[in-house]
Amino acid sequence: MVRVLRHVLREMLSAGGAASEEQDPAAVVAPAPRLSPREVFRRFWPYTRGRRRWLAPLLLFSLIGPVVDGAELWLFKTVIDDALVPHDPRPFLWIAPTYLGLIVVSGILGFADDVTSTWVSERFLLSLRRDVFRHVQGLSLGFFERRRLGDVLSRVTGDVDAVETLLLSGVADGLYHLVRLGVFLGLLCYLRWDLTLLALVVVPLFWRVARHFSRLIGEASRERRRRSGSLSAVAEETLGNVALVQAYNRQGWEERRFERENLGRFHAAMASARIGAVYSPLVELIEVSGILAVLGLGTWKLAQGQLTLGGLLLFLALIGKLYGPVSSLSGLATTFYTASAAAERILELLDQRPQVTDAAGARRTGRARGDVDFDGVCFRYPGTARPALSDVSFHAAPGEILALVGASGAGKSTAAKLLLRFYDPDRGAIRLDGTDLRELRLTDVRENVAVVLQETLVLHGTVRENIAYGRPGATDAEIVAAARAADAHEFVQALPEGYDTLVGQRGRMLSGGQRQRLAIARAMIRDAPVLLLDEPTSGLDVESGLRIMDPLRRLMAGRTTVVISHNLLTVRDATRIVVLDHGRVVESGTHDDLLARRGAYARLHRLHAVRGPGRPGLVPRGATPS
Ligand SMILES: Nc1ncnc2c1ncn2[C@@H]1O[C@H](COP(=O)(O)OP(=O)(O)OP(=O)(O)O)[C@@H](O)[C@H]1O
């Protein structure tokens, strides 16, 4: 029978099957590495440097509050022993104003404590959130390509709060309860040390129960946090691709995916509620046992005349106050376990190091001439078996146009990412004006390269802000000039509020061609010596594609351009065309050279010609013969 009961209790308290979920290979978000609250605390403590002075006001209130509480209780004893029992109303004359005074003082203290502690916590969170955001934003592209964005967002906006609990509120609460414990224990011992000893007998029980339950709660919290991250990840992916979801009628499937994580979170929340629901009455049981034991002995002492009624009542009230901090201190372990389950997710983020950083003594460079050189570049994405680039070499002198062509997956975009130094090559070097990119400051490298990408990145903001993103501080005249050069001025003026029109998230209010011309204007205003065009006409119809050719040519004039394009017009113009296949350079030369060679490029060109003049300038990508 006892075994059955124990089994039922264990089942009831299991943390939502957390352990089995962790093995789940299909888990949306993997759990963060496990750490004990002590370890999490140790890791975060240095992080409070410069912010520790904020603990001082909290400490002050922790010291004063319990003293005022103790004085109130003492007055209560005096009322009973000096006024009620002897039927003498005179002591009221001083007790009443003193009591009122104490209530006013404790009210003021309570107000100051609430406001200060909220200020301290929120200020800490403000700066911590900023630091975590800055850290995450500084991580290399590789991190974002590996992670679920929704989970990262949930960590930055949600889990961060737990760190504050662990470091400030938790510590302040702990100190507050410790001081209360000291004050009440002192008063109790002063009053009756023998009864105090009896009252303390149950304290170890509190600790044992708290220790056991805090582990269980920590487990459930860890699972709950992980599920929250998964939930955000699924929501972000579904809502971010809502057009795809609706077009393919995948709402039902997405709902089930969301519901699986939703249910997981529900089970984890229920597990922690069950644990809490068993914990509270257990604590109360221990508390009442202690009070009853003291009451028994106290009544006997009262009958013997060794204790006054006021003394006994005060004693019982003090014990109630004593058990408060004891159970709160034990419960603090639970808070710490819960908070550290979330804090370890933040630590995992903070432990990520950018793969690409400034080398020690990285050189500053001003405006480069624009000489770009890939020299025997080999690169493999972390965690993949096949290299994305193998021994790739090409050179573009200032002002030249270098076109990268090849089938899908040949490595063209990878070369672009390496030129922007999103990744470093495993072997070989990429040089700007003869200097290895790794020897230059990262910001300087990117300062010298302007990009127009395949998927145009337009931010939620006005047209003006989107163009000026290329160069903060650009004047209105410069913005309009860039828009004119990008052939965007006309359509921008036709928008309801011209340059002040909000373009919607990801520029949804604009057509593909308009977005692309905005991106060209942004690259134009950046005025960098190297221009990187990653399929700037893909996704556009023939007319829109042709429409941006002129602005693109204007943009390319006088700059070194590396263009990844399937647009033959741009490719034909190129000083050199480099044909990539499976990460290797298979051919390179001018358009005419390569046609005469009758190799891979000529085949691409033939295939394009077969597609007919209806799609001018389109080299069919993904059609490289193997
Ligand atoms: N972030 C990544 N992690 C792992 N592998 C990747 C990553 N990005 C690309 N790859 C792989 O590297 C190879 C080259 O990809 P890349 O995107 O450079 O090709 P591409 O020529 O630009 O193709 P497309 O024209 O289709 O954009 C491919 O095999 C691809 O699967």
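The values are calculated or read from the model by the stated rules, or taken from the named source; none is laboratory data. None of the values given here were measured: they were computed from a predicted structure. Glycine also receives a Cβ, built like all others from the backbone with ideal geometry; neighbour counts cover every protein chain displayed.
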- [ ] Return yes when Glu465 is within 16 Å of the ligand (Cβ to nearest atom), surrounded by fewer than 18 Cβ atoms within 10 Å (Cβ to Cβ), modelled with pLDDT under 90 and acidic (Asp, Glu) and no when it is not.
- [x] no
- [ ] Give the range 187-205 a look and list any residue that's under 46 Å from the mean Cα position of the chain (by Cα), within 15 Å of Lys321 (Cα to Cα) and touching a residue at least 60 places away in the same chain (Cβ under 8 Å), or say none.
- [x] Val202, Val203
Open item on the list: Cβ-Cβ under 8 Å, sequence separation 6+ or interchain: first residue in the range 76-105 and within 19 Å of Leu316 (Cβ to Cβ), partner surrounded by 12 or more Cβ atoms within 10 Å (Cβ to Cβ) and hydroxyl-bearing (Ser, Thr, Tyr). Which pairs?
Closed with: Ile80/Thr308; Asp81/Thr308; Val85/Thr308
Open item on the list: Kindly evaluate Pro354 against the criterion of being over 30 Å from Leu205 (Cβ atoms) and surrounded by fewer than 18 Cβ atoms within 10 Å (Cβ to Cβ).
Closed with: yes
Open item on the list: Going by what's in this entry, would Arg597 be described as at pLDDT below 75, assigned by TED's automatic domain parsing to the domain that holds Asp375, more than 14 Å from the ligand (Cβ to nearest atom) and of a type outside the set (S, T, N, Q)?
Closed with: no
Open item on the list: Could you tell me how many of the residues in the range 398-419 are away from the ligand (no atom under 13 Å from the Cβ) and not small (Gly, Ala, Ser)?
Closed with: 4
TODO: Keeping to the range 367-380, report how many residues are within 15 Å of the ligand (Cβ to nearest atom) and either hydrophobic (A, V, I, L, M, F, W, C) or buried (at least 21 other Cβ atoms within 10 Å of the Cβ) (or both).
DONE: 4
Open item on the list: Can you find a residue that is under 22 Å from Leu518 (Cα atoms) and within 16 Å of the ligand (Cβ to nearest atom) anywhere in the range 438-450?
Closed with: no
Open item on the list: Given the options Leu153, Leu167, Leu149, Leu141, name the one that is within 23 Å of Arg52 (Cα to Cα) and either away from the ligand (no atom under 16 Å from the Cβ) or surrounded by fewer than 16 Cβ atoms within 10 Å (Cβ to Cβ) (or both).
Closed with: Leu167
- [ ] Select from the range 240-262 the residues that are of a type in the set (A, V, I, L, M, F, W, C) and modelled with pLDDT of 85 or more and write down the one among them that is nearest to Val326 (Cα to Cα).
- [x] Phe258
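Scan the range 480-510 for residues that are within 34 Å of the chain's Cα centre (by Cα) and over 26 Å from Ala557 (Cα atoms) and jot them down. Break it down into steps so the answer makes sense when it comes.
Step one: filter the range 480-510 for residues within 34 Å of the chain's Cα centre (by Cα), giving 499-510.
Listed by number, the residues that qualify are Asp500, Thr501, Leu502, Val503, Gly504, Gln505, Arg506, Gly507, Arg508, Met509, Leu510.
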Task: 2 or more residues of a type in the set (Val, Ile, Thr): qualifying helices (runs of 4 or more DSSP H) within the range 107-188 - done: 160-164
- [ ] Please name all residue pairs, on different chains or six or more residues apart, with Cβ atoms under 6 Å, provided the first residue is in the range 579-605 and is over 17 Å from Ser408 (Cβ atoms) and in a strand (DSSP E or B) and the second residue is more than 14 Å from the ligand (Cβ to nearest atom) and among the aromatic types (Phe, Trp, Tyr).
- [x] Glu587/Tyr601
- [ ] Return only the number of the condition from (1) within 13 Å of the ligand (Cβ to nearest atom); (2) outside any loop (DSSP other than H, G, I, E, B); (3) surrounded by fewer than 22 Cβ atoms within 10 Å (Cβ to Cβ) that Gly383 does not satisfy.
- [x] (2)
